[in-house]
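Values quoted throughout were computed directly from the atomic coordinates according to the rules given, and no laboratory measurement underlies them. Fair warning: this is a prediction, and the values are worked out from it, not measured in the lab. Cβ placement follows ideal geometry from the backbone for every residue including glycine, while neighbour counts extend to all protein chains displayed.
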Amino acid sequence: MGIPNFSDGRFNLVKYFIVLVFTAFLTIFLLYFVPLNFAMASLLSDPFLQLPTSDSVRVVWFSEFEGTRSYLKYGKQLETKVEATTTKLSRVREDPDSNVNDEYNQLTERDIWRHEAIATSLNPNQRIPYQVVTMKDRQVISSPQFTLASNPTPGTPLKILLTSDHQLKPMTAANLQKVVETIGRVDGVFLAGDLVNIPDRASEWFDDNRGGAFFPALQGRANYQLGDTIYRGGEIIQYAPLFTALGNHEVMGRFSTTKPLKEQFYDAIPRSVAKELYSEADLKNNSFNTDTYEEIFTLPESQPGGKQYYAVTFGDIRLVVLYVTNIWRSPGTKSNVKGRYQERVKDLDAPENWGYGQHIFEPISQGSPQYDWLKEELASDAFKQAKYKIVMFHHPAHTLGGNIVPPYTDPQPVIERNQDQVIQSLKYEYPIEQDYIIRDLIPLLETAGVQLVYYGHSHLWNRFASSSRMQFLESSNVGNSYGAHWGDDKRRVPQNNPNYAEIGNPNGLDPIIPTIAPLQDQEGNNLPYIASNDITVFSILDTGTGIVSSYRFDTRQPNSEVIKFDQFQLLSRN
Ligand SMILES: [Fe+2]
Ligand SMILES: [Fe+2]
């Protein structure tokens, strides 16, 4: 035999066989081993819970790829598997103002897919483990394990987080982290609007690189530095269903494929004006929309309000959520301001460029579809029989904050023309006696025995009570504050106009001094509010006791204790 001869036919056969086997192994290695371990894709969010019923709950998560298959596993051994429905978010984009790791030189669509699966046949008051999976080709991408539960039965004591106005503000992640450290796991979250700043900017929901995006903060995956401390937020909505109200920051204005997202956000005009200016066919794109919010969340729905306003029973609570918010415009009165009180001088001959003042997105005035639906809801058995009756919306009813002025009513144009009928000035008035919240909404809630009216928007904590013991709470000093107009701190309003209060609550009720540990001013007087960019506040409703407790945490002293500073009891008003 001697040394193998490469020209030998038999040896060639062996050589080719070895090469073939080696290639096959290499192919298998590359296909299976490499993608799993070296190019692992990840989900864009953890899963979160939505729309619990008596025996089911929805699980929702997001990815930056469609996935070949997405499913939910749940049960003691994760033994039940349910396929997810996958949809693509239709309006999310980034632009050069986005805080993201990828560079966006221009307005660019972003590809984000949403997966939703329903856990069914759940036993009442039984928490079970779950995990979600999205497959990308052969990669199996799994979330960590969490637990889910269906709607708690009446009589189950629940802890509900009352929060709002997160908006990627500096203290939000610290706030949510302290909720979990102080309370432990809450059973539900009521969020009174302003979840992000610009709803069509995808990164504000998922991965803003400053570390404080909406989902990371509510899922314990934030990475937000405040002073020397990095806050992670809290693992909250993986375990507790989230019920939200629409704030002004959930509404996008006129749609454009070129304008910066911030410009589009502020470019909302009333539907009635859009009808005049544009064809009926594309009214939504030519006025305003809440599509991204509605595509992200699976909420209870009403007829005719859909997800925009709804009512739901959660344990002992009947929660009524309203769409009560208007566009925010500057209080400035210089000639170049498209503001709440006026149009810009340079726009006076161009109605398509007007801002139309602080117009209301969805009417709540008497006789409107939302008002009529609310009347029916308040007369329903589900509402009347509930132990706790709570109404949540975004715009304040009573507050020391700035955003309660001007009154919540349709802007009334006051137009000055010259002899040739050319417009010389266009200003807006908001008569306080026509405030729809005070004139129409609150009397309805008073009569129906509502116990708590909960709202946000001014970014402070304060509370009030009516003579018939209906309670009002604004607990929106979460991520930052826009101040309290108390003492010498006056609102920026047109002078000598009784419609626009400079100081205090324009709607009459006096703010209540916190019952346990109020903050004090420099003279040692107890303050009836918290409006701070250092001290963050959260509130918890305990349905076992009917007590709403509010807590504060001073972020200047990261090792300090969280302090319970106020509590009040929800009283039966039937
Ligand atoms: Fe806000
Ligand atoms: Fe707001």
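Return the Rg/Rh value of the chain, two decimal places, where both radii are evaluated on C-alpha atoms and Rh is the Kirkwood radius. Working shown, then result.
Working: Rg = 27.3 Å, Rh = 25.7 Å.
In the chain, Rg relative to Rh is 1.06.
So if I restrict to the alpha-carbon atoms in the stretch 39-186, what is the Rg, and what is Dmax, the biggest pairwise distance, in Å?
Both quantities, over Cα of the stretch 39-186: 17.6, 55 Å.
Restricting to bridges with both residues inside the stretch 424-490, how much of the DSSP beta-bridge set is antiparallel, in percent to the nearest 5?
Percent antiparallel among DSSP bridges in the stretch 424-490 is about 55.
List the lysines whose Cα sits under 19 Å from the Cα of LYS81, skipping any in the same chain fewer than 8 residues away.
LYS73, LYS136
Ranked from highest to lowest mean number of other Cβ atoms within 10 Å per residue, what is the order of the peptides 189-196, 550-557, 221-228?
In decreasing order of mean packing, 189-196, 550-557, 221-228 become 189-196, 550-557, 221-228.
With 10 Å bins from zero, work out the P(r) of the stretch 147-218 over every alpha carbon pair and list the percent per bin.
18, 45, 28, 9, 0
Nothing charged except the Cβ atoms of Lys and Arg (+1) and of Asp and Glu (-1): what's the magnitude of the dipole of the chain about its Cα centre? Round to the nearest 20 debye.
The dipole magnitude comes to about 1180 debye.
When the chain is fully extended, how far beyond the present Cα-Cα distance does ILE563 get from SER121, taking 0.36 nm per residue of separation?
The span from ILE563 to SER121 would gain 155.0 nm if fully extended.
For the stretch 181-308, state the semi-axes of the equivalent ellipsoid (square roots of 5 times the eigenvalues of the alpha-carbon gyration tensor), sorted largest first and rounded to whole angstrom.
Whole-Å semi-axes of the equivalent ellipsoid: 32, 19, 10.
Would you calculate the separation in nanometres between label points at THR147 and TYR71, each defined as 7 Å from the Cα along the Cα-to-beta-carbon direction?
Placing both labels 7 Å beyond Cα along the Cβ direction yields 2.5 nm.
Express the relative contact order of the chain as a whole percentage, based on alpha carbon pairs under 8 Å and six or more residues apart in sequence.
Details: 1408 pairs, mean separation 67.9, N = 574.
Relative contact order of the chain: 12 percent.
Which order, highest average first, do 163-173, 533-543 follow once you tally other Cβ atoms within 10 Å for each residue and take the mean per peptide?
Result, highest mean Cβ count within 10 Å first: 163-173, 533-543.
Could you work out the pair-distance distribution P(r) of the stretch 470-574 from its alpha-carbon pairs, with 10 angstrom bin width and percents rounded to whole numbers?
Spelled out bin by bin, the stretch 470-574 gives 13, 39, 33, 14, 2 percent.
GLY247: net charge of surrounding residues, Cβ under 9 Å, Lys/Arg +1, Asp/Glu -1, itself excluded?
For residues surrounding GLY247, the net value is -3.
Once the convex hull of the alpha carbons of the stretch 177-246 is built, what does its volume come to per residue, in cubic angstrom?
92
Which entries in the list LYS159/LYS384; LYS88/LYS262; LYS338/LYS389 go over 32 Å, if you measure between the two C-alpha atoms of each?
Beyond 32 Å: LYS338/LYS389.
Quick check: convex hull over the Cα atoms of the stretch 277-322, volume per residue in Å³, rounded to an integer?
Numbers: hull volume 4.0 nm³, N = 46.
Each residue corresponds to 87 Å³ of Cα convex hull volume.
Show me the three semi-axes of the equivalent ellipsoid for the stretch 285-403, from the C-alpha gyration tensor (sqrt of 5 times each eigenvalue), largest first, rounded to whole Å.
They are 35, 16, 13 Å, listed largest first.
Among ASN525, GLY483, LEU473, whose Cα projects farthest towards the positive end of the dipole of the stretch 425-574, with charges put on the beta-carbon of Lys, Arg (+1) and Asp, Glu (-1)?
Value computed over the given set: LEU473.
Percent of alpha carbon pairs in the stretch 45-112 separated by more than 19 Å?
That fraction is 50 percent.
Between beta-carbons, use under 14 Å as the cut-off and find the net charge around LEU441, counting Lys and Arg +1, Asp and Glu -1. Walk me through the numbers on the way to the answer.
On the way: positive: LYS375, ARG439; negative: GLU362, ASP372, GLU377, ASP435, ASP440, GLU446.
Summing Lys/Arg as +1 and Asp/Glu as -1 gives -4.
Less than 14 Å Cβ to Cβ from ASN123, Lys/Arg counted +1 and Asp/Glu -1: what total charge do the surrounding residues give?
Charge balance in the 14 Å sphere: +1.
List residues of the stretch 331-370, by number, whose backbone nitrogen lies under 11 Å from a label position 7 Å along Cα→C-beta of ARG271.
Residues 361-363, 369-370 qualify, since their backbone N sits under 11 Å from the label point.
For n ≥ 4 DSSP H runs only, could you compute -39500 (n - 2.57) per run for the chain, divide by its residues and tell me the 222 nm figure to the nearest 500?
Calculated from helices alone, the mean residue ellipticity at 222 nm is -4000 deg cm²/dmol.
I'm checking a number: the convex hull volume of the Cα atoms of the stretch 340-402, normalised per residue, in Å³. What is it? Let's see the in-between values first.
Details: hull volume 8.1 nm³, N = 63.
Spread over its residues, the Cα hull of the stretch 340-402 gives 129 Å³ apiece.
Where does the Debye-calculated log10 I(q)/I(0) of the stretch 322-475 sit at q = 0.18 Å⁻¹, using only Cα point scatterers of equal weight, no solvent?
One equal scatterer on each Cα of the stretch 322-475 leads to -1.05.
Say the dipole of the chain comes from +1 at the beta carbon of Lys and Arg and -1 at that of Asp and Glu; which of ASN326, GLN145, VAL345 then lies farthest toward its positive end?
The Cα lying farthest towards the positive end belongs to GLN145.
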